[in-house]
Amino acid sequence: MTAGPPAQITGLTALPPRTVEFRGARGGQAALTWGQQGIWRSTQWLDDGDPYFNLAWTLPVTGAAGLDAVLRAVGRLVERHETLRTAFVRDGEAGETGEDVGPDTVQRVSREGRLTVGVYEAAAKPMSAAKALAAELAAIGFDYAAELPIRCAVVCQRGRPRALALALSHLALDGWSLNMVAAEWPRLVAGEDLPDPGRQPLDQAASERSDPPPGGQALRHWQAGLASAPRSMFDFPAREPEEPRFVRHGMDSPAAAVAAEALAARHGVTTSSVLTVASAALLAAVTGHPTVALQLIVSNRHHPEMETMAGPAAQDGLCVVELGAGTFADALRLGHRRTMATYRNGHYDPALVLAAREAEAWDRGADIDLDVFYNDVRQGGRWQGLPAVDPGDAEALAALRSRTRTFFVGAYSKVKARIFFATGPASSTCEFYVLVDTAFLPGDVAGRMLTGLEELLVRAVTEEVPLDRVAKVAGLDPVRRPAGWTAVGPDWVDLKETEALLRRVCGTGLAAVVVEDPEDGAADGAADGAADGAGDGAAARLTGYLVARPGLDTPEAVHAAVMRAAAGRTDVLAPHHYVLCTAPPAEPGGWPGCPRSTEGGGRAPSSAMTLLER
């Protein structure tokens, strides 16, 4: 079925729709693949009917193919790729009672069915009309349980098909799959017999649940990265968000592409690594974190059996880039190794990685906020048609920079990202995008990061750029954390808020948080005191002092209560050590000398740790 007739598009006349019947080789049901799970979780985070994860796609129809041939090609496309006839339902849903009786979502492939295809006559420019039509079809959210994840319409001119307008759910196809479909389409229209795709999502689900399951090395990669990453790149005071809250800007820069190619060749790295490390350097310059954690979107298509599978296979990979001392060139070499390791370790059981995140959060003392993303959507991660400009020719490069174009993309009320860097598919320019959460950064930072990216890359071609000068080179303003915020290891903490949180948990107001050096146990100061600068990041720890009471009479009970109260916050950190006293001190600074009933870290094994140990 289609979503109904689209709004009137200039020069496009609706003709009677056609029905395409399809019958595939098989149907069936299975658990979601790991790639499907990632998209499914994101769709559930959005409001019902939100079309954010819809894909508008347009395919040309060349030659003398008639409407019947095009419709047959649509049917064959749906028959050969099971993902295009898959519904996503709760296990037990759609039974005789119609009740949702199971909590687990599954993929359910229909072997046969019907698809309604719209047919339209374009007065002129059929491809342009088809693009507008595809956007209309994609503007309505899919009913994942009841609707096929594909809507389509044929655009004709003078009765002859010229384009196919498609709206697709991201649950059905990813960028790699779209390119596969685009390559198959003219052959299907021509009536060629294509080889079977091989692996389908049903097969992939079975493989991922084999014994032993894949992904063990990827899990270890995640655990190592989590241990060294900041718990959040945005551990500084929030601001009043703009409306809408999330802002995205874009840039077309041939100069940035030429510079990135030159840097990649000089240092023996990829242009994807150049752009990733540059993005990390810009974020480090703004947030003041010398170590940056990004989630890279990993296509996972380097696995041979997944290369010809239509369906989402991408997962988030954790890339931790160190950007302390040295130059941007130094960071490139190390960052490239980290980037490549991330792409090699992007296929894993999401439940185990989630458990690893929860275990690290339990031990660290705060939720792990990894909502920083980088997505390179270029085919093969490279450009194919860049201008022939010598990057060492300053005048030529300056002339190329005159062609740079920046633009506003849009604003959104709800996106699960603090910041999102992404390339576009253009082959003759560096098409780059930055989305920011204005609850933490002003919206214009997105645009300034784009021009800053170009300046950083172009400058790095002709000179060494120290990492501590990236903010100045890129024209960015570092975040200024106010008094009361202190560096504790890789994390920044608002000590006053942390102490206030502990007091609320205690329910009596009798508590304190002290920054201590574990080597000598000496207190550096309480939150009510003068601890307003950065402490010893490598050695400092937080010690929480409180008076024991029923229900909060062990470090384990206190830590569990603090973690519940701190959920979702980026300004507080649970103490690393808890001291339960028998009575409060006479003076506010006298907590370390109080008589103690018990003390400890309170990190009893969590359920997440138990899962990881199985």
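Which net charge results when you count Lys and Arg as +1 and Asp and Glu as -1 among the other residues whose beta-carbon is under 15 Å from that of Ala163? Neighbour charge sum, excluding Ala163 itself: +4. Taking only C-alpha pairs under 8 Å that are 6+ residues apart, what is the relative contact order of the chain in percent? Relative contact order here is 14 percent. Here the sum of -39500 (n - 2.57) over DSSP H runs of 4 or more residues, divided by the residues of the chain, equals -10000 deg cm²/dmol at 222 nm, to the nearest 500. In sequence order, the range 73-83 has phi-based couplings of 5, 4, x, 5, 4, 5, 5, 7, 10, 4, 4 Hz under the Karplus curve 6.51 cos²θ - 1.76 cosθ + 1.60, θ = phi - 60°, and Gly or Pro positions carry x. For the range 338-463, the normalised intensity computed at q = 0.12 Å⁻¹ comes to -0.66 (log10 of I(q)/I(0), Debye sum over alpha carbons, equal scatterers, no solvent). The distance separating the Cα centre of the range 158-211 from that of the range 27-98 comes to 10 Å. The separation of the range 284-320 from the range 363-384, counted between C-alpha centres, amounts to 5 Å. For the chain, the alpha carbon convex hull comes to 177 Å³ per residue, rounded to a whole number.
Counting charges near Met340 (Lys, Arg +1; Asp, Glu -1) among other residues having Cβ under 14 Å from its Cβ returns a value of +3.
Proximity of backbone amide H atoms, modeled 1.01 Å from N, is registered between Arg569 and Asp367 at under 5 Å, excluding neighbours fewer than 5 places apart on the same chain.
When Asp47, Asp517 are compared by accessible area at a 1.4 angstrom probe, the order from most to least is Asp47, Asp517. The heavy atoms of Arg459 offer some 60 square angstrom of accessible surface to a 1.4 angstrom probe. As a ratio to 2.2 N^0.38 Å, the alpha-carbon radius of gyration computed for the range 22-67 takes the value 1.78. If you sort Ser42, Ser177, Ser413 by accessible surface, 1.4 Å probe, largest first, the order is Ser413, Ser42, Ser177.
The string of couplings for the range 475-491 from the Karplus curve (6.51, -1.76, 1.60, θ = phi - 60°) is x, 10, 9, x, 5, 9, 7, x, 4, x, 8, 9, 7, 10, x, x, 10 Hz, one whole number per residue in order, with x for Gly and Pro.
Ordering Leu55, Ala190, Ala361 by the projection of their Cα atoms onto the charge dipole of the chain, which places +1 on the Cβ of Lys and Arg and -1 on the Cβ of Asp and Glu, puts Ala190 at the extreme positive end. Dipole of the chain computed with +1 at Lys/Arg Cβ and -1 at Asp/Glu Cβ about the Cα centre; of Val181, Gly215, Leu202, farthest Cα towards the positive end is Val181.
Proximity of backbone amide H atoms, modeled 1.01 Å from N, is registered between Val488 and Val493 at under 5 Å, excluding neighbours fewer than 5 places apart on the same chain. Across every direction, the projection of the convex hull enclosing the Cα atoms of the range 52-211 has a mean area of 11.0 nm².
Here the chain is assigned +1 on the Cβ of each Lys and Arg and -1 on the Cβ of each Asp and Glu. Its dipole about the Cα centre then comes out at about 1800 debye.
Estimated at the nearest 10 Å², the accessible area of Arg569 is 60 Å² with a 1.4 Å probe.
The residues His302, His559, His347, sorted by heavy-atom accessible surface at 1.4 Å with ligands and nucleic acids left out, run His302, His347, His559 from largest to smallest. Unpaired Cys in the chain, meaning no second Cys C-beta under 4.7 Å: Cys152, Cys156, Cys319, Cys430, Cys506. Ligands, DNA and RNA aside, Thr339 has an accessible area near 0 Å² when probed at 1.4 Å. Remark: the range 262-367 projects, on average over all directions, an area of 8.4 nm² (convex hull of Cα atoms). Around the amide H of Gly113, modelled in the peptide plane, lie the amide H atoms of Phe22, all under 5 Å away and 5 or more residues distant in sequence or on another chain.
The values are calculated or read from the model by the stated rules, or taken from the named source; none is laboratory data. No experiment lies behind these values; they were computed from the predicted model shown. Every residue, glycine as well, gets a Cβ built from its backbone with ideal geometry; the counts of neighbours run over all protein chains shown. With ligands, DNA and RNA removed, areas are computed over all heavy atoms of the protein, side chains included. Shrake-Rupley method; radii C 1.70, N 1.55, O 1.52, S 1.80 Å.
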